[in-house]
Structures are given as C-alpha cells and as structure tokens.
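A.B. asks: Here you go, one structure.
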Amino acid sequence: MAFRTIGVVGFGLMGSGIVEVCARAGYDVAVREISDDLLSRGLDRLDRSLARGVERGKVSAADRDAARRRVRGTTRLEDLARCDLVIEAIVELMDHKKALFAELDGICPAAAVFASNTSSLSITEMASVTRRPARVLGLHFFNPVPVMKPVEMVRGFLTSEQTLAAARAFCETLGKTVVLCKDSPGFIVNLLLVPYLLDAVRALEMGVAGREDIDTAVQLGLNHPMGPLTLLDFVGIDTTYYIAEAMYQEFKDARYAAPPLMRKMVLAGHHGRKTGRGFYEYAEGIVR
Ligand code: CAA
Ligand code: NAD
C-alpha cells in the first residue's frame, strides 16, 4: 500500500501546512474547503508559507513552483474520489468529523485510507461511521507543519498493521518523525500541553500577572520558544477550547476544564492570530 495522491479536507492553519509538506514531498494534492473564499485564503496561506521557506533558504524557487503545481483546490468533496489517502483537518468537533467521514466513505474506493489530524478526539469513534475501520487512523501533525518534526500516529481500536505501516512510510517521506500512540484523549503531547495552557489562562484570570509577564516568565524561565498565551493565540483559542472540552468530557478531571475566559473569547470571536485578536492583537496579513 503506497500513497500517490493525497486529499486534504480543511484548508485552515493545519490543512495548509499539511498540503505544503505533501506537495513539497512530490505528492499530488487535492484540497477541499467549504467556500471559494476559504479556499482562496488557504491558497494564500500556502503561498506565504512557501515564500517564507524560500526566504529562509529551506525551499528553492523551482521546488516551490513545482509544489504549487501539484496542489488542486476544490469546494467539492467528490473531487477527492481518486485519492489514496485523505487527511482531514477540519474543526475539532466530533459530529462534524463523523459527518465528513461518513460522506467520504461513500465517495472514495474501499482501498483508500482515511486519517484524522484531530488533537484529542477518538479515532475509533470516527472509524465507526465508515465501512473501513481497519483503514482509519490518526495522523496528528504539529503547528507549524512545515517546521515541526513529529507526527503522532494514532492506532484506533480496529486500525490494521498494514495501514499503520503504510502511514508511517508516508510520514517518513515527508521528513517527519513518527511516534505511535493509542487512541486516548489528547494522545501524548496534548495530554501534557493542554493542562499547562489552561493553567496559564487561570493565572491570568486570577491576576497572578499580566499577559506579557506570564509569557515572558515562561519563555525565558523555561526556555520555550513562546509563552503560553502567545502559543494559545498561535494554536487558536477556539481549537484549544474544543480540545479541552473533549478531554474534560472523557476524563471528567478539572485539569481539562476550560476556564470561563476562554469560553467568552470563543463566543466573542477572539480566536487568536487567525482572527486578528486573542490574548494579543495582530495586524492584518500575519503569515501564520
Ligand atoms: N518550510 C520549511 N522551513 C521553514 C518554513 C517553511 N515553510 N518556514 C520557516 N521555516 C524554518 C526557518 O527556516 C527556521 O529554521 P532554522 O531555525 O533552521 O533557521 C524555522 O523554520 C523557524 O522559522 P522562523 O525563523 O520563520 O520563525 P521563528 O524562529 O520565529 O519560530 C516558530 C516560529 C517555529 C513558530 C516558533 O516560535 C515555535 O516553535 N513556537 C512553538 C510552536 C509550538 O509549540 N507548536 C506546537 C503547538 S501544539 C500543536 O501543534 C498540537 C495541537 O494539537 C494543538
Ligand atoms: P482552522 O480553524 O484553522 O481550520 C479549520 C478549517 O476547517 C476551516 O478552514 C473551516 O472552513 C473548515 N471546516 C470547519 N468545519 C467544517 C466542516 N464541517 N466540514 C468541512 N470543513 C470544515 O483549524 P486548524 O487549527 O487547522 O485545526 C484543524 C484540525 O487540526 C483540528 O482537528 C485541530 O484540533 C487539529 N490541530 C490543530 C493544531 C493547531 O495548532 N491549530 C495542531 C494540531 C492539530
């Protein structure tokens, strides 16, 4: 089982990064968004990231152009019918992911493999709405995808060894380091990261310090590339909120309960960099 044509569903922060690494590795990629406007925003984000890769000397201009030619955008899910592997990177809500996989199951041939880039949700539950649970797995990429090395490969309850072997080989062609984990909420990284991020919001709510001081203390004190509130804006307040909700539902542990401030920010549309406002304010045209 080797993949040649990749489908990506969702052309947001993660979908655009996944499209980029696949196209740069030589795969033909069909990417689907729900509207022409979102499709053109995704293409724009892809172009800016490729340009950044060229500026930083990571990608040649010729490779950028070749990668770009391999990407085909669409708003029709049916255009992914010929893909060997479909990776979904849509909103972190189980009902939406299940509806998508049920629809894809009717469009793609039985041999196609389905992967979810979910941060926290059950692969086994998504697989249950398809007739191919052995060919469904989690491939959890990290943000920004072109820069971050790991992929958490998640084995659903019924995922076959053959599917895992093919997915591992595929991720290695993208230059990624694969770690295998079971289908458990938040997998490895988010099990550890999410309580830390939520505690940073609680510290802000409690008035322990202001946003800049919390971020500066952690960035310099722990030598992290970003402080936690900056990282929350980078990941997306909405996405982190949905992840926390899903983990809380599963574990019923207060460590995973999203603080009220996050819920208000989600409702107010302060989703972080992607909407121009989160814990900080951002100018138009930010690359990531
Ligand atoms: N392709 C390849 N390489 C690229 C690139 C591209 N399109 N764009 C940039 N790069 C390279 C740069 O050349 C640079 O490499 P060198 O260090 O070798 O020079 C590197 O990537 C960093 O790029 P920049 O200099 O442009 O950016 P920066 O130094 O300001 O760092 C950052 C930006 C990588 C985002 C850094 O701030 C960082 O690591 N932040 C933390 C990110 C993080 O924690 N991510 C995980 C989030 S959690 C998650 O993803 C899971 C979840 O489910 C929520
Ligand atoms: P995003 O908000 O940037 O993009 C999501 C895209 O999905 C949007 O463009 C939207 O149009 C589309 N979409 C929403 N609902 C849809 C539906 N019902 N059907 C089809 N498309 C739909 O989100 P993101 O940050 O790219 O996250 C996508 C997935 O990746 C989530 O499962 C998230 O948990 C996971 N993830 C996110 C990060 C991160 O740092 N943001 C890291 C790893 C994994």
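Please treat every number below as a calculation from the coordinates, not as lab data. Quantities reported herein were computed from a predicted structural model and do not represent experimental measurements. Note that each Cβ is placed from the backbone with ideal geometry, even for glycine, and that neighbours are counted across all protein chains shown.
Yes/no matrix, rows are residues, columns are (1) among the small types (Gly, Ala, Ser); (2) under 16 Å from the mean Cα position of the chain (by Cα); (3) surrounded by fewer than 16 Cβ atoms within 10 Å (Cβ to Cβ):
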{"residue": "PRO144", "(1), (2), (3)": "no, yes, no"}
{"residue": "LYS149", "(1), (2), (3)": "no, yes, yes"}
{"residue": "MET153", "(1), (2), (3)": "no, yes, no"}
{"residue": "GLY156", "(1), (2), (3)": "yes, no, no"}
{"residue": "LYS176", "(1), (2), (3)": "no, yes, no"}
{"residue": "CYS181", "(1), (2), (3)": "no, no, no"}
{"residue": "ILE188", "(1), (2), (3)": "no, yes, no"}
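A.B. asks: Looking only at the stretch 113-122, which residues are closer than 15 Å to LEU85 by Cβ and within 12 Å of ligand 2 (Cβ to nearest atom)?
C.D. replies: Listed by number, the residues that qualify are ALA115, SER116, ASN117.
A.B. asks: Hey, which of the helices (runs of 4 or more DSSP H) in the stretch 202-254, taking only ones fully inside, have at least 2 residues that are under 30 Å from ASP183 (Cβ atoms) and among the aromatic types (Phe, Trp, Tyr)?
C.D. replies: Helices (runs of 4 or more DSSP H) meeting the threshold: 237-251.
A.B. asks: Let me ask something additional. Please go through the stretch 67-109 and give me each residue that is touching a helix residue (DSSP H, G or I) at 6+ places or on another chain (Cβ under 8 Å) and of a type in the set (Gly, Ala, Ser), ordered by number.
C.D. replies: Correct list: ALA67, GLY73, ALA81, ALA89.
A.B. asks: State yes or no: is ALA110 within 22 Å of ARG168 (Cβ to Cβ) and exposed (fewer than 15 other Cβ atoms within 10 Å of the Cβ)?
C.D. replies: The answer is yes for ALA110.
A.B. asks: Another question, if that's okay. For the structure I just gave you, tell me whether GLY26 is assigned to a loop (DSSP other than H, G, I, E, B) and not hydroxyl-bearing (Ser, Thr, Tyr).
C.D. replies: Numbers: assigned to a loop (DSSP other than H, G, I, E, B): yes; not hydroxyl-bearing (Ser, Thr, Tyr): yes.
Answer is yes for this residue.
A.B. asks: Report, ordered by the first and then the second residue, all pairs with beta carbons closer than 9 Å, sequence separation of six or more or different chains, a first member in the stretch 2-28 that is under 19 Å from LEU39 (Cα atoms), and a second member that is among the hydroxyl-bearing types (Ser, Thr, Tyr) and assigned to a strand (DSSP E or B).
C.D. replies: Note: pairs meeting the criteria are ASP28/THR5.
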